[in-house]
Amino acid sequence: MVGIKVGERGLYLRTSLEERLRQVGPGVRADLAAWVDRELWTSGFGVRVQVTTRADEATAAGFLLGPLLGRRPEDTIITACDVGAFSVETAGATSDIQSWDRVRER
């Protein structure tokens, strides 16, 4: 899998064939068939940016959570952008980390 974050324009995802995806590891609960040979793009959230420190890391963390929770790729890239958006809305990189429920509500 390759995810490319492009700031306010969102996130691009490209995945591989099933043989490669099976090498991801035992912690993945996602239906790998839904992830095979996909190319997806999602736009970013319109937010009032306070600071961009750690936005990349927050987005990556949001992305990595998806397959671990068994989520589909479409939901995963939206969640990744959502977590990244939350991270830029506050003045500190980790001062206002949101709960999973809050991320899902957005």
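The values are calculated or read from the model by the stated rules, or taken from the named source; none is laboratory data. As the structure is a computational prediction, the values presented were derived from the model and not from experiment. Every residue, glycine as well, gets a Cβ built from its backbone with ideal geometry; the counts of neighbours run over all protein chains shown. Ligands, DNA and RNA are stripped out before the accessible areas are found, and what is left, the full protein with its side chains, is counted by its heavy atoms. Shrake-Rupley method; radii C 1.70, N 1.55, O 1.52, S 1.80 Å.
Any chance you could give the angle, 0 to 90 degrees and rounded to 10, that helix 73-88 forms with the longest Cα principal axis of the chain? It works out to around 20 degrees. Per residue, the accessible area of the chain comes to 62 Å², computed with a 1.4 Å probe over protein heavy atoms only.
Net charge dipole, the range 26-106: roughly 120 debye, given to the nearest 20, about the Cα centre with Cβ charges of +1 for Lys and Arg and -1 for Asp and Glu. Taking a ≥ b ≥ c as the square roots of the eigenvalues of the alpha carbon gyration tensor, the chain is prolate, as a/c is not under 1.5 and a/b beats b/c.
Of the accessible area of the chain, with the probe set at 1.4 angstrom, what percent is carbon plus sulfur?
Percent of accessible area from carbon and sulfur atoms in the chain: 49.
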